[in-house]
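A.B. asks: Pasting a structure here, questions to come.
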Amino acid sequence: MIISSRAQKLTPYTPGEQPQQAGLYVKLNTNENPYPPSPAVEDVVRRYNWEELRLYPDPRSRALRNALAERYQLEESEVFVGNGSDEVLSFCWYAFFDPHRGTLLFPEHTYSFYPVYSDYYDQPFKRIPLKADFGIDIPAFLEEMQENCTGVVFPNPNAPTGMALEVQEIRTVLEKSEGRFAVIVDEAYVDYGCESVVPLIRDFPNLLVVHTCSKSRALAGLRVGYALGNQDLIRVLTSVKDSFNSYPLDRFSQTVAETAIRDSLYYDGINQRIIETRSWFSRSLQEMGWRVLPSKANFIFASHPHLGGEAVYLALKSRGFLVRYFNHPGIEQFVRITMGTEKDMEKLLQNIGDLEACL
Ligand SMILES: *Cc1c(COP(=O)(O)O)cnc(C)c1O
């Protein structure tokens with residue numbers, strides 16, 4: 001047998017559909033930003049000195065980490081960067097969670113990469129059910145954080161529900177943890193109106209906050225993510241990275257990401273537009289009888305009064321809109337709809353109206 005037993009038992013993550021033909025669908029299925037990267041990014045890409053690609057990149061990504069340290073008022077030693085936050089998260093599983101020390105805790109309905117990494121690293125885990133209102137159940141987490149807990153990880157706001165926790169609730173998790181294990185808060189969608197826990201990093205040396213340039217920086221195609229936390233955590237992540245690949249971020253990505261991070265003004269503008277779109281779009285769906293969970297992300301999680309998630313997904317696909325549904329018991333009635341431009345969402349609403357008329 002030429003396939004390792006490890007590889008034989010992998011269950012990989014299923015990414016959202018990426019149609020090969022551009023323009024066939026309005027893509028509202030993978031939470032990309034509908035607006036382009038900033039004009040400063042356009043400029044740096046156009047002027048990029050291609051001859052530099054002859055040379056290896058800076059393995060420590062110092063310029064990019066510097067920009068991030070400035071942006072978050074941290075030291076460079078408190079910043080780690082990787083090839084998308086998916087890679088950063090994978091390194092976290094290796095660096096902080098220990099199969100021999102116990103169980104990892106995460107919410108029942110959450111980013112579906114978490115169980116995938118857990119299987120990859122043979123890490124036992126427990127899914128903590130959501131509350132009846134689909135929020136993350138903090139008291140249930142506190143209850144489970146016993147002797148044999150090796151870590152806690154959750155997104156805030158959570159995916160795919162879009163629902164956010166208060167900083168105070170996350171603080172209770174950190175206090176109860178007493179520094180015994182790492183608490184990882186995946187803030188992929190934090191720039192859409194949710195309060196960040198980055199200011200707690202200096203109080204809790206076991207807190208690691210993971211961010212991405214894929215959503216709020218409109219750079220999903222560039223693959224840049226980062227982690228912010230105590231320098232001891234960052235040092236371990238760096239040693240995991242250097243045992244795997246010294247250069248996960250190429251020269252081009254480092255330069256482009258640095259430019260985007262330094263251009264907050266533009267990004268605050270487009271992200272504010274998405275927040276406004278989310279607000280009127282949610283209200284309009286509710287007026288049509290849908291249930292819409294309160295979202296702090298660049299997507300909403302919503303259910304039709306009669307149709308299940310798959311039926312809505314298929315009906316919208318036939319009308320040229322890609323959304324995402326999850327065949328998981330408890331959330332199969334919902335679809336996740338990424339916020340597009342104002343125009344996209346008006347068109348979608350019209351199509352949903354026509355759909356209702358056919359029922
Ligand atoms: C999109 C997403 C990521 C991954 O982002 P990349 O940086 O593109 O790898 C991580 N966590 C959550 C919750 C996400 O939704």
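A.B. asks: Assigned to a loop (DSSP other than H, G, I, E, B), within 16 Å of the ligand (Cβ to nearest atom), modelled with pLDDT of 95 or more and among the charged types (D, E, K, R) - does that describe any residue in the stretch 179-187?
C.D. replies: Checked the stretch 179-187: at least one residue is assigned to a loop (DSSP other than H, G, I, E, B), within 16 Å of the ligand (Cβ to nearest atom), modelled with pLDDT of 95 or more and among the charged types (D, E, K, R).
A.B. asks: Can you find a residue in the stretch 123-131 that is more than 15 Å from the ligand (Cβ to nearest atom), of a type in the set (D, E, K, R) and open to solvent by less than 50 Å² (accessible area, probe 1.4 Å)?
C.D. replies: no
A.B. asks: Separate question: So is residue 40 out of contact with any Phe, Trp or Tyr (no Cβ under 8 Å at 6 or more places or on another chain) and among the hydrophobic types (A, V, I, L, M, F, W, C) or not?
C.D. replies: no
A.B. asks: Another question about this same structure. May I ask you to list pairs of residues, at least six apart or on different chains, whose Cβ atoms are under 8 Å apart, with the first in the stretch 83-102 being within 16 Å of the ligand (Cβ to nearest atom) and the second being part of a loop (DSSP other than H, G, I, E, B) and of a type in the set (Gly, Ala, Ser)?
C.D. replies: Qualifying pairs under 8 Å: 84/214; 85/188; 85/214.
A.B. asks: Within the stretch 193-209, identify whether any single residue is of a type outside the set (A, V, I, L, M, F, W, C), touching a Gly at 6+ places or on another chain (Cβ under 9 Å), in a strand (DSSP E or B) and open to solvent by less than 30 Å² (accessible area, probe 1.4 Å), and answer yes or no.
C.D. replies: no
A.B. asks: Could you list, in sequence order, all residues of the stretch 302-359 that are within 14 Å of residue 26 (Cβ to Cβ), outside any helix (DSSP H, G or I) and of a type in the set (Phe, Trp, Tyr)?
C.D. replies: 321
A.B. asks: If a residue must be within 10 Å of the ligand (Cβ to nearest atom) and open to solvent by less than 10 Å² (accessible area, probe 1.4 Å), how many such residues does the stretch 220-229 contain?
C.D. replies: Looking only at that region, the number is 3.
A.B. asks: Considering only residues of the stretch 70-82 that are at negative phi and more than 16 Å from the ligand (Cβ to nearest atom), which is surrounded by the most Cβ atoms within 10 Å (Cβ to Cβ)?
C.D. replies: If we take residues in the stretch 70-82 being at negative phi and more than 16 Å from the ligand (Cβ to nearest atom), then 78 is surrounded by the most Cβ atoms within 10 Å (Cβ to Cβ).
A.B. asks: Go through the stretch 103-114 and give me each residue that's without any contact (Cβ under 8 Å) to a residue 60 or more places away in the chain, surrounded by fewer than 22 Cβ atoms within 10 Å (Cβ to Cβ) and away from the ligand (no atom under 12 Å from the Cβ).
C.D. replies: Listed by number, the list holds a single entry, 103.
A.B. asks: Can I ask one more? What single numbered condition from (1) open to solvent by 30 Å² or more (accessible area, probe 1.4 Å); (2) touching a Leu at 6+ places or on another chain (Cβ under 9 Å); (3) of a type in the set (S, T, N, Q) fails to hold for residue 286?
C.D. replies: Condition not satisfied by residue 286: (2).
A.B. asks: Would you point out the residue of the stretch 291-302, among those that are touching a residue at least 12 places away in the same chain (Cβ under 8 Å) and open to solvent by 10 Å² or more (accessible area, probe 1.4 Å), that is nearest to residue 195 (Cα to Cα)?
C.D. replies: Among those residues, the one meeting the criterion is 296.
A.B. asks: For the stretch 255-267, what are the residues that are closer than 16 Å to residue 68 by Cβ and open to solvent by 20 Å² or more (accessible area, probe 1.4 Å)?
C.D. replies: Passing the criteria: 255, 258, 259, 262, 263, 264.
A.B. asks: Of the residues that make up the stretch 156-168, is at least one within 29 Å of residue 223 (Cβ to Cβ), in contact with an Asp or Glu (Cβ under 7 Å, 6 or more places away or on another chain), within 16 Å of the ligand (Cβ to nearest atom) and not β-branched (Val, Ile, Thr)?
C.D. replies: Yes, the stretch 156-168 has at least one match.
A.B. asks: Taking the stretch 12-69 only, how many residues are outside any loop (DSSP other than H, G, I, E, B), in contact (Cβ under 8 Å) with a residue 24 or more places away in the chain and open to solvent by 80 Å² or more (accessible area, probe 1.4 Å)?
C.D. replies: Counting residues in the stretch 12-69 that are outside any loop (DSSP other than H, G, I, E, B), in contact (Cβ under 8 Å) with a residue 24 or more places away in the chain and open to solvent by 80 Å² or more (accessible area, probe 1.4 Å) gives 2.
A.B. asks: So residue 131 fits all but one of (1) in contact (Cβ under 8 Å) with a residue 12 or more places away in the chain; (2) farther than 20 Å from residue 210 by Cα; what number is the exception?
C.D. replies: So residue 131 meets the others, but not (1).
A.B. asks: When the stretch 195-225 is examined, which residues are found to be in contact (Cβ under 8 Å) with a residue 60 or more places away in the chain and farther than 24 Å from residue 27 by Cα?
C.D. replies: 198, 201, 208, 210
A.B. asks: While we're here: Output the qualifying pairs, or none if there are none: Cβ atoms under 8 angstrom, residues six or more apart or on different chains, first residue in the stretch 304-319 and farther than 11 Å from residue 351 by Cβ and of a type in the set (Asp, Glu), second residue open to solvent by 20 Å² or more (accessible area, probe 1.4 Å) and at pLDDT below 95.
C.D. replies: Going by the 8 Å Cβ cut-off, the qualifying pairs are 310/327.
A.B. asks: Still on this model: Of the residues 243, 216, which single one is open to solvent by less than 30 Å² (accessible area, probe 1.4 Å), modelled with pLDDT of 95 or more, part of a loop (DSSP other than H, G, I, E, B) and of a type in the set (S, T, N, Q)?
C.D. replies: 216
The values are calculated or read from the model by the stated rules, or taken from the named source; none is laboratory data. Everything quoted here is computed from the prediction, not taken from an experiment. We place every Cβ from the backbone using ideal geometry, glycine too, and count neighbours over all the protein chains shown. Protein only, heavy atoms only, side chains kept; ligands, DNA and RNA dropped before computing areas. Shrake-Rupley method; radii C 1.70, N 1.55, O 1.52, S 1.80 Å.
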